[in-house]
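K.L.:
The structure under discussion is supplied below as structure tokens; questions concerning it will follow.
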Amino acid sequence: MASVPDIDAMNEMERTDTMSDSDATTQTGNGTVEQSSMEAMLAELNQVRIDMAEMLDSLQRSRAEFANYRRRIEQEREQLRVRAAESIVRKLLPVADDFERALRSVPEEVAATSWFDGIRLVERKLWGVLEAEGVAPMESVGQPFDPSRHEAVMVDEGVANADTVIEEYQRGYLVNDSVLRPAMVKVGSLPEA
């Protein structure tokens with residue numbers, strides 16, 4: 001490691017640098033120093049200051065890059081977690097749909113049994129898990145047709161302005177206010193009241 005000149009001596013040299021060119025030497029506390037030697041030391045000091053400023057700038061940039069890297073990694077982890085949860089939820093939606101259809105088609109005498117109450121509890125538990133992940137069913141019937149939320153599989157024939165959902169074939173779902181699965185619907189116009 002190169003030795004760094006004494007700062008006080010360097011400051012004294014800078015002050016004496018303003019002397020006239022006719023003086024060949026300058027007197028300091030350590031003795032006489034030739035003018036050319038002093039100029040070389042000042043040049044070296046200036047170069048050390050420049051190098052130090054460059055290293056400081058490089059360090060600050062590296063710290064900022066690392067902070068950005070950490071933030072980006074955290075965002076990617078969160079996005080990966082959300083995508084994984086959505087993938088699992090998408091796979092569970094057909095099960096929830098089948099549960100709903102099965103519960104609607106149960107005969108009255110079976111629906112009154114305690115066994116069937118247990119089946120209803122299982123369905124509620126499934127919906128508790130889905131709701132904990134931010135899943136909510138989408139209301140479609142009677143709503144204006146929105147291509148980002150609805151998938152029109154049928155259009156009411158003979159209607160000029162088919163702009164309202166009149167029937168739902170498959171329920172749509174939202175997850176945290178974004179569409180997880182669009183609803184499959186029939187589009188038409190509501191009857192005039």
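K.L.:
From the mean inverse distance of alpha carbon pairs (Kirkwood) and the Cα radius of gyration, derive Rg over Rh for region 101-147.
P.N.:
Over the Cα atoms of region 101-147, Rg/Rh equals 1.13.
K.L.:
Determine the gain in length on full extension of the stretch residue 157-residue 101; use 0.36 nm per residue of separation and subtract their C-alpha separation, reporting nm with one decimal.
P.N.:
Working it through step by step, the gained length comes to 17.4 nm.
K.L.:
What are the radius of gyration and Dmax of region 71-193, computed over its Cα atoms and given in Å?
P.N.:
Spelled out, the Cα radius of gyration and Dmax of region 71-193 are 18.2, 59 Å.
K.L.:
Right, something else. Rounded to the nearest 0.05, what FRET efficiency do residue 90 and residue 63 give with R0 = 45 Å and r taken as the Cβ-Cβ distance? Could you check?
P.N.:
That gives a FRET efficiency of 0.65.
K.L.:
Now for a separate question. On a full-extension model of 0.36 nm per residue, what is the gain between residue 174 and residue 41, subtracting their alpha-carbon distance, rounded to one decimal in nm?
P.N.:
Here the answer is 40.7 nm.
K.L.:
Turning to a different aspect of this structure: State, to one decimal in nm, how far the label point of residue 80 lies from the label point of residue 55, with both points 7 Å from Cα in the Cβ direction.
P.N.:
Result: 3.7 nm between the two label points.
K.L.:
Still on this structure, please answer the following. Could you rank the peptides 50-63, 89-102 by their average count of other C-beta atoms within 10 Å per residue, with the highest value first?
P.N.:
Peptide ranking by packing, descending: 89-102, 50-63.
FYI, it's all coordinate maths here, none of it is from the lab. The structure displayed is predicted, hence computed values, not measured ones. Don't worry about glycine lacking a Cβ; one is built from the backbone with ideal geometry, like all the others, and counts go over all protein chains shown.
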